[in-house]
Structures are given as C-alpha cells and as structure tokens.
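Report on the following structure.
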Amino acid sequence: MKVILKKDVQSLGNMGDVKEISDGYARNFLIPGGYAEVATKSLIVKSEEEKIKRNKKAEEDLKTAEEIVNKIEGTSITLKNKADEKGKLYAAVKAEEISEELVSKGFNLEKGKVIIKEPIKELGEYEIIIDFAHGLEAKVNLTVIGE
C-alpha cells in the first residue's frame, strides 16, 4: 500500500514522503495513529508542492541565520556584576543576562540560544557560544567586571 507520511516516522521516513509499505502496518498503526494517509494521485501532487515550499523556507531560514551569525561573530560585550575582593561573583552570570545585553546591542536573539559551558562565577573574560538553527554557532567575547 502507498501512503504519504503526515509526520516524521523513525526508520521509515520524513513528513511528506511517499512510501510503499505493508497493508497491515498502514491500517493497524500508521493511519489510525495519524502518521500517514493513503496516497492518491492528488495527495501525492499536493505533498510534492508542500515539500518544495518547505525546502524554500528552509533555505531562506538558513540564509537569515548565516547573516545573523556573520554579524554577531566576534562581538564583545561587558557585564557588570558585584564581586568580592578575590574576584568571585556573588551570583553567577546567567544566559538571560548575556542575551539581554546582545539584544540591547541590536541583535535579534531568541531565548535559550546562549550556551554557557561552565558557570561564570569569577571576574574575567569568557567565550560564549550562541546556537542558531541549522547547526550554526557564533562565538561572542564576554568580559565580566566588578561594580
């Protein structure tokens, strides 16, 4: 039986793929679970059109992400935090603080994109990674100074 996948199915295919599978697998699992529908000629044509649209959108998103990465790569930011005489911070630097500082510099970032490998608990310089879609990353230089 030919089916069109409505969702990604591990070890079978991705959404929009047309697959030839056994009747039992389709009728007992895929179709009742909402993972697939029976493939008709009109649905196959519609699926191919949607796949082309998704690919174009993915290419546009990749270009946008690459532009942002190129702009933000190597940017330096400075945060002021309270610290003791030895340079230990009273509170660790949070990813939200870094994100807010980058937004204030004009970069449009979504929450959760800032990756801090180890907690920042001392004054000094650090390299921060900003994670973008499509596996792209940008490195930002962070300097933490005392108030």
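The values are calculated or read from the model by the stated rules, or taken from the named source; none is laboratory data. Since this is a predicted model, take the numbers as computed values, not measurements. For neighbour counting, all protein chains shown are included, and Cβ atoms are generated from backbone atoms with ideal geometry for every residue, glycine included.
Conditions first: (1) surrounded by fewer than 15 Cβ atoms within 10 Å (Cβ to Cβ); (2) within 21 Å of the chain's Cα centre (by Cα). Glu125 passes all but one, so which condition is the exception?
Going through (1) surrounded by fewer than 15 Cβ atoms within 10 Å (Cβ to Cβ); (2) within 21 Å of the chain's Cα centre (by Cα) one by one, Glu125 breaks only (2).
List the residue pairs whose Cβ atoms are under 7 Å apart, where the first residue sits in segment 94-116 and is at negative phi and in contact (Cβ under 8 Å) with a residue 12 or more places away in the chain, the second is among the basic types (Lys, Arg) and surrounded by fewer than 12 Cβ atoms within 10 Å (Cβ to Cβ), and the two are 6 or more positions apart or on different chains.
Close Cβ pairs (under 7 Å, with a partner that is among the basic types (Lys, Arg) and surrounded by fewer than 12 Cβ atoms within 10 Å (Cβ to Cβ)) amount to Ser99/Lys111.
Just checking, which of Ile129, Ile44, Ile52 is hydrophobic (A, V, I, L, M, F, W, C), more than 30 Å from Leu5 (Cα to Cα) and either assigned by TED's automatic domain parsing to the domain that holds Gly13 or touching a Lys or Arg at 6+ places or on another chain (Cβ under 9 Å) (or both)?
Values: Ile44 fails: more than 30 Å from Leu5 (Cα to Cα); Ile52 fails: more than 30 Å from Leu5 (Cα to Cα).
Result of the check over Ile129, Ile44, Ile52: Ile129.
Considering only residues that are on the phi < 0 side of the Ramachandran plot, outside any helix (DSSP H, G or I) and touching a residue at least 12 places away in the same chain (Cβ under 8 Å), which ones fall in segment 16-46? So that I can check it myself, show each step before the final result.
The first filter runs over segment 16-46 and keeps only residues on the phi < 0 side of the Ramachandran plot, leaving 17-33, 35-46.
Filter once more, keeping what is outside any helix (DSSP H, G or I): 17-22, 31-33, 35-40.
Asp17, Val18, Lys19, Glu20, Ile21, Ser22, Ile31, Tyr35, Ala36, Glu37, Val38, Ala39 - these are the residues of segment 16-46 that are on the phi < 0 side of the Ramachandran plot, outside any helix (DSSP H, G or I) and touching a residue at least 12 places away in the same chain (Cβ under 8 Å).
Please specify each residue of segment 132-147 satisfying the condition of being surrounded by 13 or more Cβ atoms within 10 Å (Cβ to Cβ) and in a loop (DSSP other than H, G, I, E, B).
Phe132, Leu136, listed by residue number.
Does Glu110 fit the bill of being in contact with a helix residue (DSSP H, G or I) (Cβ under 9 Å, 6 or more places away or on another chain), charged (D, E, K, R) and not in a helix (DSSP H, G or I)?
Working: in contact with a helix residue (DSSP H, G or I) (Cβ under 9 Å, 6 or more places away or on another chain): yes; charged (D, E, K, R): yes; not in a helix (DSSP H, G or I): yes.
In short, yes.
Could you check segment 60-94 and list, in sequence order, the residues that are in contact with a helix residue (DSSP H, G or I) (Cβ under 8 Å, 6 or more places away or on another chain) and surrounded by 14 or more Cβ atoms within 10 Å (Cβ to Cβ)?
Leu62, Ala65, Ile72, Thr75, Ile77, Leu79 - these are the residues of segment 60-94 that are in contact with a helix residue (DSSP H, G or I) (Cβ under 8 Å, 6 or more places away or on another chain) and surrounded by 14 or more Cβ atoms within 10 Å (Cβ to Cβ).
So Val69 ticks every box in (1) closer than 14 Å to Val114 by Cα; (2) at pLDDT 90 or above but one. Which box is left unticked?
It fails just one condition, (2).
Results for (1) within 29 Å of the chain's Cα centre (by Cα); (2) in a strand (DSSP E or B), shown as yes or no for each residue.
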site: Glu48; (1), (2): yes, no
site: Asp61; (1), (2): yes, no
site: Ile77; (1), (2): yes, yes
site: Lys86; (1), (2): no, no
site: Leu89; (1), (2): no, yes
site: Ser99; (1), (2): yes, no
site: Leu102; (1), (2): yes, no
